[in-house]
Each structure stands twice: as structure tokens, then as C-alpha cells.
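Right, one structure below, let's go through it.
Every number here is computed from the coordinates shown, using simple stated rules; none is lab data. All values derive from a computational prediction rather than experimental measurement. A quick note on method: Cβ atoms are made from the backbone with ideal geometry, for glycine too, and the neighbour counts reach across all protein chains shown.
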Amino acid sequence: MTAPSPPAPPPDGFVDLWPTKLLGRRLPEFEAPNDALIKLIRDLERANRNLTTDYLAPDFFNLDEPPVAWLRGQVNATVIDYLRAIGIDYDVSWTIQGWPNVNRLGDYHDAHNHPGAYLSGSYYAKVPNKREPMRNRDDLRPSHITFYDPRPGINMTAIKGDPYVDPEYTVLPEPGLLMIWPAFLNHFIHPNLSKDTRVSVSFNIVLKWQDHYLPHQ
């Protein structure tokens, strides 16, 4: 058992405790590599119809393809920015484990997180902007992604204007958007209600362990 962390000095002002950061980035000049990425994923799916659910093999980011190399570089750069933003100022090494997702009409992903990873994320290559004319409830959010507060019940005593009043964060991604978040964060991908496909690449940032990662606590 390690010794407890030394006490912090008395606060003088606000202190942000236990935050959860999510980073979204609209990649510049994404159109050409994005088109090539979509074509590659469609070719892979023609060879393996279970491409989306067979996500453990092969590792998408090990493919020697120009659009994959482009996306790999964008993910690595964004991970560096994320680590700096949370105050990690020492050397960290990682690998990227990734897999494509092709969601057709009615497809969705259950609420889940990504055990064994430090960070997770997705790049959105194609997101439908229309829905089929069906008799659905008005509150449906097709092709959106929802993230859930990892602290159960934290909103139960919140009042209007309190930042903890909303237990979820929901966005409709757009092509060219890259998002990264802590791997423990539960998220849900809402059903695609369009005949157009929703194409994305999900990934995990898996740390190459080094002893200096151990916190002083």
C-alpha cells in the first residue's frame, strides 16, 4: 500500500474536483482522405460482412493504407493535446487499437465502455443527415452518440443552472469530427434511422506500461 498523497494547500477560490474531459476536433482538409477512408472500409466490409462486430481482428490501424496513415497521425496528435490538457507533462507511450463501424438502417451500439484502454474515441467519416418517414416517437435522436455521467445519481439534488443537472451529453457527429474521451466513460450510439449508412472508426489508446506512470497516492 502506497503512502497517501501530501495534503493540498488550503484553497483560495474555486477548485475543480474529479473532472471528465472530452475532446472534439474538426479535422482540417479532411475531405480527400475521408473519401479514401470510406472506400477502404466499404472494400473491407465486402470481404467481411461482420466487420463492425469483429472488431478485435485485424487491427485497422495496422493496415498499410494512405487514409489509415492519415487518420493515425490525426489520432496521435489529438492524444498528445488531450494529455497536455489534463496536466500530464511526462513521456507516455501508447498503441492505437481500432476498428471500422458501418451502421445501416436500424443498427445501433448498446451502452458500453472500453475496458483495458486508457482513452477511447471515434472518427466520423459519414453520418446520415436525414431519416426515413416512419411513425416514431418525437424524442428519438438517430445516429447521435450519448455519453453518461460516470457518477451514478450525481444529478439527483441538482437545481436549474447547476452543471450537474444533466446526467448525459448527446451530440450528432458530423463528417471530419474526431472525439477522444476516457475509456471508462459509458456511451451509447443511437439507431441509424436512414437508408444511408453511418461510417466511423472507433479506437482505443492502450498504454505501453512504464513504472513512472504510477501516481503518488
Criterion first (surrounded by fewer than 11 Cβ atoms within 10 Å (Cβ to Cβ) and not hydroxyl-bearing (Ser, Thr, Tyr)) does GLY98 satisfy it? no
Name the residue that is farthest from ASP211 (Cα to Cα), counting only residues in segment 69-106 that are among the aliphatic types (A, V, I, L, M) and not in a helix (DSSP H, G or I). LEU105
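Any idea which residue in segment 159-182 is farthest from ILE86 (Cα to Cα), counting only those that are acidic (Asp, Glu) and outside any strand (DSSP E or B)? Give the derivation first.
Pass one, segment 159-182, residues acidic (Asp, Glu): 162, 166, 168, 174.
Of the ones still in play, those that are also outside any strand (DSSP E or B) are 162, 166, 174.
Numbers: ASP162: 23, ASP166: 23, GLU174: 25 Å.
Applying the filter and picking the extreme gives GLU174.
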Name the residue that is nearest to the chain's Cα centre (by Cα), counting only residues in segment 51-72 that are farther than 17 Å from ASN103 by Cα and among the acidic types (Asp, Glu). ASP59
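Would you please name the residue that is surrounded by the most Cβ atoms within 10 Å (Cβ to Cβ), looking only at residues in segment 112-156 that are assigned to a loop (DSSP other than H, G, I, E, B), in contact with a Lys or Arg (Cβ under 7 Å, 6 or more places away or on another chain) and not polar (S, T, N, Q)?
Initially, segment 112-156 is screened for residues assigned to a loop (DSSP other than H, G, I, E, B), giving 113-118, 127-144, 149-156.
Remaining after also requiring in contact with a Lys or Arg (Cβ under 7 Å, 6 or more places away or on another chain): 127-128, 132, 142-143.
From the residues that got through so far, the ones that are not polar (S, T, N, Q) too are 127-128, 132, 142.
On the way: VAL127: 22, PRO128: 19, GLU132: 14, PRO142: 19.
That would be VAL127.
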Pick from segment 23-41, criterion surrounded by fewer than 16 Cβ atoms within 10 Å (Cβ to Cβ) and touching a residue at least 40 places away in the same chain (Cβ under 8 Å), ranking: farthest from LYS126 (Cα to Cα): GLY24
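Have a look at TYR90, TYR123, TYR148 and point out the one that is aromatic (Phe, Trp, Tyr) and free of Cβ contacts under 8 Å to residues at least 60 places away in the same chain.
None of the others qualify; the one that does is TYR148.
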